[in-house]
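Enquirer: I have a structure here, written as structure tokens, and I will follow up with some questions on it.
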Amino acid sequence: MSAQTTARTLITGELAAAEVAVSPATIRKWVQLGHLTAAGRQGRRHLYRLEDVFAAERAVHGRAA
């Protein structure tokens with residue numbers, strides 16, 4: 001998969017949570033707090049860019065990239 005394809009790939013909140021080892025409720029809380037913004041929708045599901053999920057995780061936990 002190319003870098004451009006990866007940058008455009010959107011994932012569900014459940015998959016986003018699994019990628020950063022948190023619960024789906026934590027992803028929803030990050031959205032409420034403004035740390036993460038949905039990049040799209042699939043029906044009723046919010047979709048997120050993986051790099052945004054990692055950035056939110058770093059912002060919340062203060063981890064360096």
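Enquirer: Output the number of the condition that residue 48 fails; it satisfies all remaining conditions of (1) among the hydroxyl-bearing types (Ser, Thr, Tyr); (2) surrounded by fewer than 16 Cβ atoms within 10 Å (Cβ to Cβ); (3) touching a strand residue (DSSP E or B) at 6+ places or on another chain (Cβ under 7 Å).
Expert: (2)
Enquirer: Kindly list, by first and then second residue, each pair from a residue in region 47-60 that is assigned to a helix (DSSP H, G or I) to a residue that is of a type outside the set (A, V, I, L, M, F, W, C), limited to pairs with Cβ atoms under 7 Å and residues at least 6 apart or on different chains.
Expert: Pairs that qualify, where the first residue is assigned to a helix (DSSP H, G or I) and the partner is of a type outside the set (A, V, I, L, M, F, W, C), are 50/9; 50/19; 52/37; 53/19; 56/35; 59/35; 60/35.
Enquirer: What is the one condition in (1) modelled with pLDDT of 95 or more; (2) part of a helix (DSSP H, G or I) that residue 7 does not satisfy?
Expert: Unmet condition: (1).
The values are calculated or read from the model by the stated rules, or taken from the named source; none is laboratory data. This structure is a prediction, so every number in the text was calculated from the model and none was measured. Positions of Cβ are backbone-derived with ideal geometry, glycine not excepted, and every protein chain shown enters the neighbour counts.
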